[in-house]
């Protein structure tokens with residue numbers, strides 16, 4: 001069987017979807033030598049970093065040196081060019097990033113991470129969410145199998161779309177094994193120093209500065225902690241600038257306490273991110289919504305306790321290695337920050353559980369189950385064909401209004 005997988009997310013910064021894609025193809029190469037994998041990417045400017053993709057004999061990569069935005073818009077609205085005209089024949093195409101390609105006589109598989117761009121479309125730009133909204137609204141009937149990364153995402157997808165439940169497979173993600181690798185204390189200190197972070201303990205937040213990440217509540221809670229505990233650990237923010245970045249930086253600049261005690265590192269490479277996790281008192285992850293939530297698992301793999309929002313898909317699975325709070329309850333979040341900052345014994349107790357909790361989630365399991373989805377999708381495409389789907393309980397032409 002010939003399987004095409006879009007790996008375009010690997011051309012830019014290592015976001016959560018990029019991590020998912022990279023670990024998926026790496027582990028497919030480890031568990032599957034029988035099928036042929038045709039990886040593809042598209043960009044006129046960027047190229048795939050050398051050595052990033054599997055070098056196995058049954059894996060190949062084709063880069064389409066075309067303007068990605070123009071190409072995806074043509075695929076989205078004109079359904080041209082048909083993907084096989086660019087890649088050659090294949091039996092299954094997998095989009096790890098929601099997008100539904102125009103493909104003829106082939107099974108389609110997509111991964112759905114979350115549906116925040118449906119719930120809060122005003123928080124997503126076109127290529128960061130609204131394009132996926134159009135793709136799902138217009139073309140979901142062409143998809144033969146859907147992978148949901150959490151039970152919550154699966155339930156929300158089935159509630160929103162009239163889609164056969166037995167074609168929506170729950171397959172949870174895992175932390176990149178890189179984060180669990182042995183790492184000398186001296187290297188951690190060197191990486192921290194190069195980021196301007198003083199070793200010795202700090203709270204860490206990782207993500208993109210956008211409204212659903214709830215950084216505003218974190219800053220309020222942190223100010224409350226420092227007001228009653230002047231020697232509280234610093235707060236380090238790491239990640240890409242998003243739609244709320246200017247407002248967050250303005251909020252920090254307007255507060256003497258935050259200006260002095262909050263450091264924003266921006267996007268950091270994996271080695272530095274691992275060092276940031278290992279040097280932290282705790283990872284603080286107060287998101288309002290997440291599909292899965294990889295940063296908490298990455299922190300646990302590094303032996304670092306976490307503070308996570310109640311209701312997130314990951315929260316119940318990792319609660320024994322952290323503290324669960326209400327996302328918008330600033331006082332509760334402040335209390336959790338103070339507990340883990342002051343109570344070394346509690347911090348160590350949670351840290352001792354962290355690595356074992358993270359180890360419950362594995363990429364080899366994800367890869368094997370994803371390969372089974374490819375087989376199931378191909379069987380469906382060869383038999384009954386794609387299921388008709390629609391937005392559940394909503395007859396509006398959502399895509400037509402975007």
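Read-outs: derived from the displayed coordinates by stated rules, not from any lab. As the structure is a prediction and not an experimental result, all values here were calculated from the model. Counting neighbours? That spans all protein chains shown, and the Cβs are built from the backbone with ideal geometry, glycine included.
One compactness figure for region 231-320 is 1.14, namely its Cα radius of gyration divided by 2.2 N^0.38 Å. Modelled spin-label separation between residue 55 and residue 1, with each label point placed 7 Å from Cα along the Cα-to-Cβ direction: 2.8 nm.
When the Gaussian network model of the chain links Cα atoms closer than 10 Å, the mean-square fluctuations of 166, 335, 270 top out at 166. Highest mean packing first, where packing is the average number of other Cβ atoms within 10 Å per residue, the peptides 21-30, 311-320, 238-247, 298-307 line up as 298-307, 21-30, 311-320, 238-247. Translational diffusion of region 177-358 was estimated from the Stokes-Einstein equation, with Rh taken as the Kirkwood radius over Cα pairs; at 25 °C and 0.890 mPa s the coefficient is 153 µm²/s.
Among 281, 31, 262, the largest mean-square fluctuation in a Gaussian network model of the chain, built with springs joining Cα atoms closer than 10 Å, belongs to 31. Taking all C-alpha pairs of region 266-305, those more than 16 Å from each other amount to 35 percent. In plain terms, the chain from residue 362 to residue 80 could stretch by 97.8 nm, reckoned as 0.36 nm per residue minus the Cα-Cα distance. When the Cα atoms of region 37-174 are aligned to their principal axes, the ranges along those axes come out at 39, 31, 31 Å in descending order. When both region 9-87 and region 203-253 are represented by their alpha-carbon centers, they are found 34 Å apart.
Compute the whole-percent fraction of alpha carbon pairs in region 286-349 spaced more than 20 Å apart. Percentage above 20 Å: 22. Across all directions, the shadow cast by the convex hull of the chain built on its C-alpha atoms averages 19.4 square nanometres.
How much mean residue ellipticity at 222 nm does the chain get from its helices, if each DSSP H run of length 4 or more adds -39500 (n - 2.57) and you divide by all residues, to the nearest 500 deg cm²/dmol? Mean residue ellipticity, 222 nm, calculated: -11500 deg cm²/dmol.
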